[in-house]
Structure formats: C-alpha cells, structure tokens
Amino acid sequence: MKKLTIILALLAAPAAAQNMSSGNQLHEQCTGKGEMVGGLCVGYILGAWEGLIIGAVVTDMQRGTAKTPNDQANHTRARLGICTTDSVLRDQIVDIVTQYLKNNPATRHFPAAGIVHAAMQDAFPC
C-alpha cells in the first residue's frame, strides 16, 4: 500500500507543478501543510531560477556576447538584473522567494516564474 501511495504521489507531482501558473498558487504550495506541498514549492522555485539562468546563458551564447565562463556569468547576471554571487545557497533562494510572496500579496496574481525573478532582483539588485 505504501508503494502505491508513493507511485501516485510521483505521478501527481508533474501535473501539480504544471498548474502553478500564478504567485497565488505558488504561495499556496509554499504555505500549505505536508511533504508533497513543500516539495512542490521548493522544486518550482529552484526550477524557475535555473530556467531563468539557462535562458539568459543560451541567449548570450547565441549572440556571442561573452568570451570566457567568468565573463559569461557576469553578463548573464547583468542581463537578468540579478547580481548574486556563486555562494548563494538553494535554501536562501527559496527563503527569498517565499518571503517575497508573503510581503507582496498585491503581486501574487502575476505569473509564478516572474515572481521568482522579481524576488531575486529585489534581493540582489545590480
């Protein structure tokens, strides 16, 4: 029975993550109870963050705007308007976004990925 519960939870996770289109839905996942809820919150935030970085890196690579890996990292950060260092931890990113959601209820109707971007820009402006 426990195996069946785990399998059903794993099958439901991608569908739940796909339906997280607004900051309201992300906030609900981040403030809800249970392991599955918290896992979706963390997974979505970190996935959106990595997606922002990868999208900016690919764009810069296609344009040939950076010549070295260090140059690439600096250019990508400036493109996003987020000037973090490599020492920012994943837990820190999740804390920043969840705090932003809590402190900015008027913007929770915006797309969830955009809220991740706005939260990181707010925490690490260039």
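Laboratory data are not the source of any read-out in this text; all were calculated from the coordinates shown. Predicted model, so just to flag it, every value in this text is computed and none were measured. Using ideal geometry, Cβ is built from the backbone for each residue, glycine included, and neighbour counts are taken over all protein chains shown.
Here are some notes:
- Net charge, Ala56 excluded, C-beta distance under 13 Å - Lys, Arg +1, Asp, Glu -1: +1
- Amide H partners (placed H, <5 Å) of Ser22, local residues excluded: Ala112
- Likely footprinting exposure, Val94, Val57, Val116, fewest C-beta neighbours within 10 Å first: Val57, Val94, Val116
- Residue exposure sequence - Asp86, Asp95 - by fewest surrounding Cβ within 10 Å: Asp86, Asp95
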